[in-house]
Every structure is written in C-alpha cells, then in structure tokens.
Amino acid sequence: MIFNVIYGEVARFVTAGPAWVVTMLITFVLVFAITALVPIFLGWVERKYSARIQSRYGPVYVGPFGLLQNFADIMKLIGKRAISTNVDRLPYEFVPIVLATLSFAMVLIIPFGGANLEFISVPYSLLFLYVFLAVSPLLVLMAGWGENNKYAMLGGFRGVGQIATYELALIVTMISVAFLAGSYNIVDIVNGQSGLWYGAYLPVTLIVFALTGLAIIERAPFDIPEASQELQAGWKVEYSGIRYGLFLIADYVRLMIVSILVVYLFLGGWLGPVLPGFVWFIIKTAAVLLIIMAPRWTLPRPRIDQFIKFGWNWLLPLSIVNLVMVGGLLLI
Amino acid sequence: METLKGIRLNVGPVHPATHGVLKVVVDIEGDTVNKAQVEMGFLHRGKEKMAEVRYFSNYYPIVDKLDYVSAINMEVLYASLVEKAAGIEIPPRAVYIRTIMAEIQRIMSHLVYIGSIGEDLGNITGMFWALRERELLMDLVEEVSGGRLAPMYMTTGGSFYDLPQHFDEKAEKALVRVETKINKDYNSMFTKNQLFLMRTKGVGVLDRYMVKKYGITGPNMRAAGIDRDLRKSEPYLAYDKVDFDVVTGEDGDANSRFMVRVGEILQSIRIVRQCLRDLPEGPYVTKTPWLMKIPDKRTFVRQETPRGEMAMYMITNGGTQPYRLKIRSPTFFALRALEEILVGVKVADIVVTIASLDPVMGEVDR
C-alpha cells in the first residue's frame, strides 16, 4: 500500500516517531488532492459529454478546452457567502462535512488500478465501501430536517425511502460477488477474476449493481430526492457556498467509486492482456463512467412510488435469486 | 380554524417549474396532494384596459406580449378583429402570408411545449433539442419580420413586409429538418421512451365531461377525443383551401395531450408546404390609415391559437380607440381544472400536469 511506501521513504530521513506523523500528513494531502481533483475533472468530462448530447459546446474559455472551468467554479463556491436563516445549526453544518469526509475515506481505502495502489489496505475493504455509501439516508434525513424548509423535508423523506430500498439490493449483489471470490477484500476479488470475469458469470447482477449504485448516490435520472424540477434541489435546497461545493465533491467521488466498483467486481479490475494493469483500469473505468453518465442526459426521472416499487418488486428479488444461484454454483 | 394534516406547499409564483408566475397552493400528506388551489393574476398588466387608451394600430405591440410564445397568432387575431370591425378586405397574398406565419408560429409554440414538458420530467436534453429545432423557425421569423419573440409583423390590412426572396426554399429546409427530428430523434426521447410513458400515461386526466364543464378548448380538448378545430369548423384565413387533419387523442391524459401536439406539428408542416406552393402574387397589404375611426359596432372574432380557441370582443363607438376590448384566453379555463385534477397525484406529477396543459401566463393574466 502507498502508505507503507511513503513511510519507507520518510523513515530514511526521520526517526520512527515523527515519521508516522509526517507520513500521515503526506497521505492526507495526497488523498485530499485526489478527492478535490476528482469533481473538477469528472465535472469537466460530464459537462463536455452532456454538451455533445445537447448540441452545445460546453466550457471552452477557462483553460485549454475549458479544463479549468470547474476549478473556477469551486473557487467561486468557496468565495461565496453562506446564507441560512432559521436552520437547525448542528445537523445543517454536520451533513456536508460528513459527506465530504466519507468520500475522503473511500478514496483512502480503494485501490487505484493495482494490488498495492491503495493508500491504506483494509481486509474488508468492500464492506467498508458499502458502509460509506449506504450511510447516506441518515444524512439526507438530517439535512432535510435541519434546513427547516418544506421542500428540503420532502426531499429528505424521499431520500430515505429510496436509499433504504436500494441499499438492500446493493449489499445482496456485493455479497454474491464476495461469495464467488471467497473474500471481502477488493484485491482478492479482482485476483479471483483471472480466469473469467464475474460479469460473465453474473450479467444480471452487474446490471442490478449499476442501477442500485446509481440510486444510492442519487445520480440522475434517479435523483428523485433532489428533483430539481418539483423540489428545486430537494434536501440540498438551503445549502450554498462551499457547503454545496462539498455536496458536489461527494457526488462526483461517489460516482467514481461506483464505476470503479463495477470494474472491480464484475469487469476484472486491472487484469487484462498486453497493457499494464493501470492502463486497463483507466480504460475500463472511463468506459463504465461514460455509460453510467449518459442516462442523466437522456432519460426523464421516474416518480418516487414507481421507483420504490421497481426496487422492491424487481431489483431485490433478482439480486436474491442471483445470490442463491451463486450459492448453488459454489456447492457444485 | 381548520387544522392542517401534513404540509401546505406553495408551488410558485417563483417556482422554477411553473412556467411563469402561476401559483398553486397544495396541501400534501406524505407525497400525495390532498387539495390544490390555483392563484392567478401575478402577471396582470391590464391589457384590456390598455386597449381603451390606444389607437387601433398602436395595440399591436401589446398583443405581441399577450401570448408571447405564439405572438404571430395573437397579431393575426387582433388584425382580423380590427379588419372585421372596419370592413377592410385583405389581399389574397396577405391571407396566405398570414396562414404561413401563423402555422410556423404554431410549430414553434408546440416545440416549446415539447421542450418544457421534457424539462419538467427532469430531462433537460429534451428542452435543448426542442429549442434547437425552434431556432431554425425562429430564424425564418427573424428574416421575415426583423423580430424574434415579438415580431410585430402583422398590421391592419395585411403585413408590414412582403416575404423575402427564396423564403420558400429556406422554409422548406427548416421544415424538413423539424419533420425528421420529430419522426426520428424524438421517438427515443419522448414518444417511445418507456420512462416518459410511465410518467405521462394516466396523469392529469381531463375527460370529455370535464372538458365541457370547464370550457377547455384547443389541443387539451382534442386530447380527450373531441373533434373540434376552428380551422376546420369555421375556416378563417386560407384554412379552407388547404388539406389537413384534425389530430385527436383518446385518453385525455398528459401523454395524449403531448401526442396531439406532436401530431399538430406535422399537420402544420403540411399546411405551410401547401400554402407556400399556392402562394399568390400581388400586393401583400391593403393600405389603411394609421389613425382610423371605426363606427359604432360590436365585433367578435375567434381563432384557433396553439393553446385553444382565443377570442376577442370589441365594442367601438365611432372613435379612434375601442370602447371596450374583451379577450378570452384558452388556458385560463384549462388552469381552472387544475383544482380538480391535481387532487390525489404525487408531488412530482404537479409540474407535469401543469406543463401538459401548456399555460402561458401572459395570456392567462392578460
């Protein structure tokens, strides 16, 4: 893991005690930079991509090809004055910080295209990632309540209903993959796919996982809790300035984590012929990202009751059937 | 004092999805609407009163902003009213020019409808696509009149300018593009998109009984299966000389209202093509004095605008200004039905139902 590599380098110059502190600081800065750069880059990709779909140009003026546009936007968000009246201060301030911290933690433990390319290796990294993704109903409800706004509260209620429905299907699909690999460690899961990708064994699970992942991170067209038409911005409506910027960061980091998880769990991760693993990882993740970005710009949003019914009636039974099938496979 | 179960939500007048300044006060429980009250009048500018203090020719800029999404239809309606009151005959070329421009404006208006319903469903690309196609027609209007949203093209006795050279070729180019986009691209985005059908089928049903009860006209009425179109039943302009079908729906829900409008775009394209083919030569305007007096008279004119049957009733008393001008706006009556059809729907369907009625508040509030 990267932490050990950095520590090894630092320990050549510093004695053992301070070396830990220095290593932690360096790791923190690195992870922070990645967490902050992901929305800037992915946001640019999405803006260009959606512009192509909608016959527009997208950002062009700031930086080459408008690459720095999102950087400028984040700067603007930092500089903005936060206006909030009659809010419940504790949950209101708590939620964006926790969401950003969770995305920070996810970047910390997920491998970036190689067995040793994670910052900190955790034995049950898949379960950790699940917990970081699935803790959000609580936060959504807290934000919706704390903002003291009717639209925000409606959004919070919707968010709880939607995410609670879908995280059950998400964990069942994750468990079926973990059964196949015999481990909750992402590195072991990827190494288990050296023969055949799990996506080939479990194509239905792959689709269920992608859909539930999108529903959990409230990615459009499943952005029902923050439906910008009827609820304006749902549970985010009263946030402005960098608090809203933290939501954007969390959104894009979680989008990236979900697409990386699709690659790791079903598409063989960094395994592939000829090219080095890191390149395969980049290619696969980019392809998955572009595919799961497209529905936001092409599909209308389902209604909350239709979507929750879809989750309980189709996705959860499908994922359970898949789990039983995996169990059968393992018995044989 | 009544106690309220659930939440009272003010949707509008500055809500981003209510198409202008419509305000709907809804009582909701969970995500379901129990009661809805419509409040209108936020855009009231006293247009009927304004008519009483202006010369007949000076009222054209005001009718432009009546229904600002279909301004030329408004101009045609008012011009017909003044001509009927003053007994002015307009030359055949002007009749055809008016028909062409009115139908082009109808296509533009329906494209805005398509875009805005897509946008209210959370599909912003629909808006961009529809406005992209509308832009082609907007360019035509700009070339003809010099204006875009409020073109000021019609005048008493005909139009301000003749059609420019090679207008028919340019119009044909734009129409072909709109036609192919609607027949091909819009299928994947709207007409055959399962999520779109899920969201619009069975939403905001206005059946035949309710249509008659509220006096709803236009595409909203035809979507309920009533075959009535003033262009057919009492033809004005050149509509009796062209061949077109009246598009009707069956269910009266948001989806059939949408499909009726899509069908009407295709019919309007047919009308424009036939009119461009048959366009007669000759003068395009009957010269009328700028300051004219209309004798003691009561005049009533009604026409089929993109939003329904719009009518104007004018009382003149021999002066240079009307004594009274009454405007009947079609979507005012459609919006009244919201109080009934919004009960029991989910919050997400409020905006879809409003958008599917196609209100333009400039015309509702006058």
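Give the cross-link partners of B:LYS192 among the aspartates and glutamates, using a straight C-alpha distance below 20 Å as the criterion and excluding same-chain residues fewer than 8 apart.
Excluding near neighbours in sequence, the set is B:GLU119, B:ASP120, B:GLU133, B:GLU179, B:GLU250, B:ASP251, B:ASP253, B:GLU264, B:ASP349.
Top mean-square fluctuation among B:PRO151, B:PRO295, B:PRO92, Gaussian network model of chain B, C-alpha springs under 10 Å?
Of B:PRO151, B:PRO295, B:PRO92, the Gaussian network model singles out B:PRO295 as fluctuating most.
Can you run phi through the Karplus equation (6.51, -1.76, 1.60; θ = phi - 60°) for segment A:116-126 and list ³J(HN,Hα) in whole Hz, with x for Gly and Pro?
Result, ordered by residue: 9, 9, 10, 6, 10, 8, 10, x, 10, 5, 5 Hz.
Using Cβ contacts closer than 10 Å as the measure, can you line up B:LYS346, B:LYS213, B:LYS287 from fewest to most?
If I rank by nearby Cβ atoms, fewest first, I get B:LYS287, B:LYS213, B:LYS346.
Can you give me the angle between helix B:92-120 and the longest principal axis of chain B, using Cα atoms only, in degrees from 0 to 90, rounded to the nearest 10?
That helix lies at roughly 20 degrees to the long axis.
Can you pick out the pairs among A:LYS48/A:LYS80; B:LYS201/B:LYS346; B:LYS49/B:LYS297; A:LYS150/B:LYS35; A:LYS236/B:LYS346 whose Cα atoms lie more than 23 Å from each other?
Result: A:LYS48/A:LYS80 exceed 23 Å.
Would you mind pulling out the separation of the Cα centroids of segment B:318-352 and segment A:52-89, in Å?
38
If amide H atoms are built 1.01 Å from N in the plane of the peptide, which residues on other chains or at least 5 residues away come under 5 Å of the amide H of B:THR305?
B:MET310
With a Förster radius of 51 Å, plug the Cβ-Cβ distance of A:THR101 and B:TRP290 into 1/(1 + (r/R0)^6) and report the FRET value to the nearest 0.05. Could you put the intermediate results ahead of the total?
Values: r = 72 Å, r/R0 = 1.41.
Efficiency, from the Cβ-Cβ distance: 0.10.
List the aspartates and glutamates whose alpha-carbon lies under 20 Å from that of B:LYS5, not counting same-chain residues fewer than 8 positions away?
B:ASP27, B:GLU29, B:ASP31, B:GLU339, B:GLU340
Please work out the FRET efficiency for the pair A:ASP305 and A:PHE65, using the Cβ-Cβ distance as r and a Förster radius of 35 Å; give the result to the nearest 0.05.
The formula returns an efficiency of 0.25 here.
Pairing the Cα long axis of helix B:167-180 with the longest principal axis of chain B, what angle in degrees results, from 0 to 90 and rounded to the nearest 10?
Roughly 20 degrees, rounded to the nearest 10.
Quick one: which residues, 5+ away or cross-chain, put their amide H under 5 Å from the amide H of A:SER240? H built at 1.01 Å from N.
Answer set, sorted by chain and number: A:ILE83.
Taking 8 Å as the Cα distance limit and 6 or more residues as the minimum spacing, I'd like the relative contact order of chain B as a percentage.
On the way: 698 pairs, mean separation 99.0, N = 366.
Once normalised by length, the contact order is 27 percent.
What is the mean number of Cβ atoms from other protein chains located within 10 Å of the Cβ atom of each residue in peptide A:253-265, rounded to a whole number?
Working: counts 0, 0, 0, 0, 0, 0, 0, 0, 0, 0, 0, 0, 0.
Average neighbour count from other chains, rounded to a whole number: 0.
Taking GluC sites (Glu not before Pro) that fall in a DSSP loop and have at most 16 other Cβ atoms within 10 Å as cut points, what is the longest piece of chain B between them?
That would be B:90-249.
Please state the shape class of segment B:237-366: rounded when a/c is under 1.5, otherwise prolate if a/b exceeds b/c and oblate if not, all from the C-alpha gyration tensor.
Here segment B:237-366 falls in the oblate category.
Can you give the helix-only mean residue ellipticity at 222 nm for the protein assembly as shown, where every DSSP H stretch with n ≥ 4 adds -39500 (n - 2.57) and the sum goes over all residues, rounded to the nearest 500 deg cm²/dmol?
Value at 222 nm, helices only, nearest 500: -18000 deg cm²/dmol.
For A:43-53, what's the mean count of beta carbons from other chains sitting within 10 Å of each residue's beta carbon? Working shown, then result.
Numbers: counts 0, 0, 0, 0, 0, 0, 0, 3, 1, 0, 4.
Across A:43-53, the average partner-chain Cβ count within 10 Å equals 1.
Give, to the nearest whole percent, the P(r) tail of segment A:2-331 beyond 39 angstrom, counting all Cα pairs. Please report the intermediate quantities before stating the final value.
On the way: 7662 of 54285 pairs.
Within segment A:2-331, distances greater than 39 Å cover 14 percent of Cα pairs.
Determine the shielding of peptide B:347-359 by partner chains: average, over its residues, the number of Cβ atoms on other chains within 10 angstrom of each Cβ.
3
Which shape class, rounded, prolate or oblate, goes with chain B when its Cα gyration tensor gives a ≥ b ≥ c as root eigenvalues, a/c under 1.5 marks rounded, and past that a/b bigger than b/c marks prolate? Intermediate values should be presented prior to the final figure.
On the way: a/c = 2.06, a/b = 1.36, b/c = 1.52.
Because a/c hits 1.5 or more and a/b fails to exceed b/c, chain B counts as oblate.
Any chance you could check the Cα centroid distance between segment A:206-250 and segment B:1-75 for me, in angstrom?
Comparing the Cα centres of segment A:206-250 and segment B:1-75, I get a distance of 30 Å.
Enumerate the calculated ³J(HN,Hα) couplings along segment A:146-160 in order (Karplus 6.51 cos²θ - 1.76 cosθ + 1.60, θ = phi - 60°), each rounded to whole Hz, writing x wherever the residue is Gly or Pro.
Using θ = phi - 60°, the values come out as x, 6, 6, 9, 5, 4, 5, 5, 4, x, x, 4, 4, x, 4 Hz.
Taking 0.36 nm per residue of sequence separation and subtracting the Cα-Cα distance, how much length would be gained by fully extending the chain between B:ILE315 and B:LYS170, in nm to one decimal?
Once the chain is fully extended between B:ILE315 and B:LYS170, it gains 48.1 nm.
In degrees from 0 to 90, rounded to the nearest 10, what is the angle of the helix B:124-145 Cα long axis to the longest principal axis of chain B?
It works out to around 10 degrees.
Please tell me the relative contact order of segment A:181-332 in percent, rounded to the nearest whole number, where contacts are Cα pairs under 8 Å and at least six residues apart.
So the answer I get is 32 percent.
Taking the Cα-to-Cβ direction at A:ILE26 and at B:GLU89 and moving 7 Å from each Cα, how far apart do the two end points lie in nm?
If labels sit at A:ILE26 and B:GLU89, their model points lie 9.6 nm apart.
Run the simple label-point estimate for B:PHE42 and B:LEU197 please: 7 Å along Cα→C-beta, distance reported in nm.
3.6
Label points 7 Å out from Cα along the Cβ direction at A:MET325 and A:VAL14: separation in nm?
So the two model labels end up 5.2 nm from each other.
Just want to confirm a number: the relative contact order over chain A, from Cα pairs under 8 angstrom separated by 6+ residues, in percent.
The normalised contact order for chain A reaches 23 percent.
Check cross-link reach from B:LYS170 to the lysines: straight Cα distance under 25 Å, and skip same-chain residues fewer than eight apart.
Within the straight-line cut-off, B:LYS170 pairs with B:LYS181, B:LYS184, B:LYS241.
FYI, it's all coordinate maths here, none of it is from the lab. Since this is a predicted model, take the numbers as computed values, not measurements. So basically every Cβ, Gly included, is an ideal-geometry build from the backbone, and we count neighbours across all protein chains shown.
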